[in-house]
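Please read the structure below before turning to the comments.
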Amino acid sequence: MNITIIGTGYVGLTSGTCFAEVGHNVTCVDNNPEKIETLLKGEIPIYEPGLADLVKQNVAAGRLKFTTSTEEGVKNGDIIFIAVPTPPQADGSVDLSFIEKVAREIAQCLTPEHGYRVIVDKSTVPVKTGDKVEQTVRRYAPEGVQFGVVSNPEFLREGCAVDDLLNPDRIVIGSNDEKALTYMHKLYEPFVAPVLVTDINSAELIKHAANSFLALKISYINAVANICEAAGADVEKVAEGIGMDKRIGRQFLNAGLGYGGSCFPKDIKAFINISETLGQPFGLLKEVERINFDQADRFLNKIREKLWVFREKKIALWGLAFKQNTDDVRESVAVTLAQKMLDEGASVIATDPQGIPTAKKFSNLTGDITFTEDMYAALDGADALIIATEWPQFAAADLCEVAKRLRTPLVFDGRNLLDPEDVKAAKLEYYSIGRPAID
Ligand code: UGA
């Protein structure tokens, strides 16, 4: 099929590439000429395992094209995806101005000669946005244009986006338009995944409800971790025990510094705002947010308790990205921690397998911070090691080397990556989340 994706951010670029990979002809549109130029050169603007190769292969096969022209995109695509950002506003509501602008632009490029078009919203949007998209397109399109509107939320995770897209748990298609549904079924024919067809409003709600539920699981286990600390229990064992119940499941029960990234913090805020706008305030999600917010401060208190003061202390920080396998530092708890320690006068030497360039470019860290690619060099003469991102390289660290290089053998593990037995053997003083301390 001929597909157009408007917006080549995380979701747009990876979905477009994966649709090309399964055999569709894809035109990716972005209004940022530098981004399109980068992509035309065969480079990708983000770090995502496996994506760069897929982009190259599909461009070479002639199935994947990039352009800045919406007009070209609208001409080329029987199905036109909107995959532009939906950033948060100060009050927690979602800024839908990019969606509205793209809907208007699509409408203005459509002509009756194009025949029937499907306009699909892939961005994460508040319930009822589909109705607005339909009204906008109808208002701005010339007389006689035929189209259907669909909500098709995306559930990919950064760091495993390609696999999540090619092998999704489910495909959600929301539309009240039978013809649009036929197009969408054909589009997803090459994918082996259950397809759930709903109305537009339900599809939009599924995305916010799913992300909120996952965030709730994380905050739940973090609250349990705090109780474990007070009681001298081990949250890893508790998570294992409750996760063995199939109705609960072990995933997303990793206690730590809390969730970050460009999705959960924004989407939970948005869902709270939506619930209030609809007169059904979702107080439970406010508590999810509060627990998440407090988690970094609790960890900082733990470090402060041992170091006494941060001023003139050298801190080795392992982790900048908001999670493993990504260079994304948006809403990263690691960055929040770094800034708080810098504000209290610490000097921080940070390392991350992918996040250093993005942290330098986007995180606005101020104070005495330096970066090193070498995770062991970061430790030289440091007063403490703080682990803030769950990279597997950190979990596999040589702990004798860690002990040798630190000035004082203090390790604060905000992601429960290290095995307490190994830590003990390396004679490190060790504090983690929801597990008994080793000193
Ligand atoms: C999340 C969802 O998992 C995707 O399904 C969704 O499509 C995406 O948001 C989105 O809305 O676009 P993502 O933000 O890429 O994906 O990353 P996750 O793997 O969900 O991790 C989010 C945060 O939760 C990270 O900071 C991670 O460190 C933290 N986390 C995750 C925990 O603290 N504990 C866990 O057990 C799992």
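The values are calculated or read from the model by the stated rules, or taken from the named source; none is laboratory data. For clarity, every value in this text was computed on a predicted model and none was experimentally measured. Here Cβ is always computed from backbone atoms with ideal geometry, including for glycine, and neighbour counts include all displayed protein chains.
Tabulated values for the structure
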item: Lone qualifier among 301, 292, 273, 226 - being more than 30 Å from residue 341 (Cβ to Cβ), part of a helix (DSSP H, G or I) and modelled with pLDDT of 95 or more; result: 273
item: Filter pass, residue 126 being surrounded by 16 or more Cβ atoms within 10 Å (Cβ to Cβ), out of contact with any strand residue (DSSP E or B) (no Cβ under 8 Å at 6 or more places or on another chain) and in a loop (DSSP other than H, G, I, E, B); result: no
item: Considering residues of the stretch 225-249 that are within 16 Å of the ligand (Cβ to nearest atom) and among the aliphatic types (A, V, I, L, M) only, the residue nearest to residue 421 (Cα to Cα); result: 235
item: Of residues in the stretch 106-116 being surrounded by fewer than 22 Cβ atoms within 10 Å (Cβ to Cβ) and in contact (Cβ under 8 Å) with a residue 40 or more places away in the chain, the one farthest from residue 39 (Cα to Cα); result: 116
item: Test: residue in the stretch 377-385 that is among the charged types (D, E, K, R), away from the ligand (no atom under 16 Å from the Cβ) and either in contact (Cβ under 8 Å) with a residue 60 or more places away in the chain or not assigned by TED's automatic domain parsing to the domain that holds residue 299 (or both); result: yes
item: So residue 131, is it surrounded by fewer than 20 Cβ atoms within 10 Å (Cβ to Cβ) and either hydrophobic (A, V, I, L, M, F, W, C) or out of contact with any Cys (no Cβ under 7 Å at 6 or more places or on another chain) (or both); result: yes
item: Residues within the stretch 224-249 that are aliphatic (A, V, I, L, M) and farther than 17 Å from residue 415 by Cβ, tallied; result: 7
item: Test: residue in the stretch 395-405 that is surrounded by 15 or more Cβ atoms within 10 Å (Cβ to Cβ) and touching a Gly at 6+ places or on another chain (Cβ under 9 Å); result: yes
item: Selection count where residues are aromatic (Phe, Trp, Tyr) and either in a loop (DSSP other than H, G, I, E, B) or at pLDDT 95 or above (or both), scope the stretch 1-45; result: 1
item: Subset tally (residues that are hydrophobic (A, V, I, L, M, F, W, C) and more than 26 Å from residue 125 (Cβ to Cβ)) for the stretch 192-238; result: 12
item: Criterion violated by residue 252 - all others in (1) under 27 Å from residue 415 (Cα atoms); (2) assigned to a helix (DSSP H, G or I); (3) of a type outside the set (D, E, K, R); (4) within 15 Å of the ligand (Cβ to nearest atom) satisfied; result: (2)
item: Tally, over the stretch 90-114, of residues that are in a loop (DSSP other than H, G, I, E, B), at pLDDT below 95 and on the phi < 0 side of the Ramachandran plot; result: 3
item: Residues of the stretch 89-105 satisfying the condition of being crowded, with 16+ Cβ neighbours inside 10 Å and farther than 21 Å from residue 32 by Cα; result: 92, 93, 94
item: Residue 164, sole failed condition from (1) touching a Ser or Thr at 6+ places or on another chain (Cβ under 9 Å); (2) more than 10 Å from the ligand (Cβ to nearest atom); (3) not hydroxyl-bearing (Ser, Thr, Tyr); result: (2)
item: Residue among 351, 358 that is closer than 25 Å to residue 297 by Cβ, away from the ligand (no atom under 16 Å from the Cβ) and either surrounded by fewer than 18 Cβ atoms within 10 Å (Cβ to Cβ) or modelled with pLDDT of 95 or more (or both); result: 351
item: Test: residue 322 is crowded, with 16+ Cβ neighbours inside 10 Å, in the same structural domain as residue 228 (by TED's automatic domain parsing), modelled with pLDDT of 95 or more and within 15 Å of the ligand (Cβ to nearest atom); result: no
item: Among (1) within 16 Å of the ligand (Cβ to nearest atom); (2) aromatic (Phe, Trp, Tyr); (3) more than 19 Å from the chain's Cα centre (by Cα), the one test that residue 140 misses; result: (1)
item: Members of the stretch 417-439 that are buried (at least 19 other Cβ atoms within 10 Å of the Cβ) and within 12 Å of residue 234 (Cβ to Cβ); result: 432, 433, 434, 435
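Let's see how each residue does on (1) touching a residue at least 24 places away in the same chain (Cβ under 8 Å); (2) within 16 Å of the ligand (Cβ to nearest atom); (3) in contact with a Lys or Arg (Cβ under 8 Å, 6 or more places away or on another chain):
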| residue | (1), (2), (3) |
| --- | --- |
| 27 | yes, no, yes |
| 34 | no, no, no |
| 64 | yes, no, no |
| 67 | yes, no, no |
| 70 | yes, no, no |
| 79 | yes, no, yes |
| 88 | yes, yes, yes |
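To keep it simple, each residue is scored yes or no on (1) in contact with a helix residue (DSSP H, G or I) (Cβ under 8 Å, 6 or more places away or on another chain); (2) within 12 Å of the ligand (Cβ to nearest atom).
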site: 257; (1), (2): yes, yes
site: 307; (1), (2): no, no
site: 311; (1), (2): no, no
site: 326; (1), (2): no, yes
site: 334; (1), (2): no, yes
site: 365; (1), (2): yes, no
